[in-house]
1. How do the peptides 185-192, 144-151, 123-130 rank, highest first, by the average count of neighbouring beta carbon atoms within 10 Å per residue?
2. Just for the Cα atoms in the range 131-194, what are the lengths along the principal axes, largest first, rounded to whole Å?
3. Identify all lysines with a Cα-Cα distance to K129 below 21 Å; exclude those on the same chain that are fewer than 8 residues away in sequence.
4. Assuming R0 = 35 Å, what is the FRET efficiency of R169 and E15, from their Cβ-Cβ distance, to the nearest 0.05?
5. Can you give me the distance in nm between label points at Q66 and K138, each placed 7 Å from the Cα along the Cα-to-Cβ direction?
6. Under 18 Å between alpha carbons, and skipping anything fewer than 8 positions from K69 in its own chain: which aspartates and glutamates qualify?
7. Please compute the modelled spin-label separation between A83 and D25, points set 7 Å along Cα→Cβ, answer in nm with one decimal.
8. About the Cα centre of the range 63-139, how large is the charge dipole given +1 on each Lys and Arg Cβ and -1 on each Asp and Glu Cβ? Please answer in debye to the nearest 20.
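Where a number appears in this text, it was derived from the coordinates with a stated rule and is not lab data. Values in this document were obtained by computation on a predicted structure and should not be read as measured data. Glycine gets a Cβ as well: all are built from the backbone with ideal geometry, and neighbour counts include every protein chain shown.
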Amino acid sequence: SSQELLEANQQLREESERQKSILTDLRYAAAALLPHKPASPGWLTSKDEVVYLASSLSRLIDQEKQHEKDLEQSKLITEQEKAKAEAILRSIGDGVFAVDLKGTIILMNAVAEDLSGFTFNEGQGKHHKEIFRFVKEKDPNSLYPSFIEDVIKTGTIKTLENHTMLINRYGVRIPIADTAAPIKDEKGVVSGCI
């Protein structure tokens, strides 16, 4: 999943930073250990120790280069997966939006934009009730009970009752059928709703 790729990407980035730090420390140590003048005493007592230190540094440099390649590959895969997910989302004929655990909009497709009258940029970061006003047809003056919050709390799929309406940005009432499903990670922990 995209989340797993992002986490792997972050781990590679952290490991690369750790390797860079070790390499920097070893470079400073090597500079301090080697004699600067023929008459100055060095901490390295033999040619073998210098060769060992040089080969260790070389291995660390190679490891750092490999980590950088892995990081670039991970970034590429993440970008490809993101592009694929966005293409799928765009091609869905139904309005789709996703919220985080607080009910804040984190995603909207073009159909959801058309239905609500709000663009994703306008809705992003706002509570879903500010953008998607669901009401019962027979009681259009009160918002539908918090079914999205219930999905997040229970981790179960919920469907709105028949005769539900979406009141868009312009006050137009649009009859809809809606289902909300929890967004779960690989361990089953709910992180939002779609």
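1. Working: 185-192: 11.5, 144-151: 17.5, 123-130: 15.9.
The most tightly packed comes first, giving 144-151, 123-130, 185-192.
2. Principal extents (largest minus smallest coordinate, Cα): 40, 20, 17 Å.
3. Excluding near neighbours in sequence, the set is K102, K138, K153, K158.
4. 0.15
5. 6.9 nm
6. E7, E14, E15, E17, E79
7. Simple spin-label model gives 4.0 nm for this pair.
8. Numbers: 12 positive and 15 negative charges, 47 e Å.
The dipole magnitude comes to about 220 debye.
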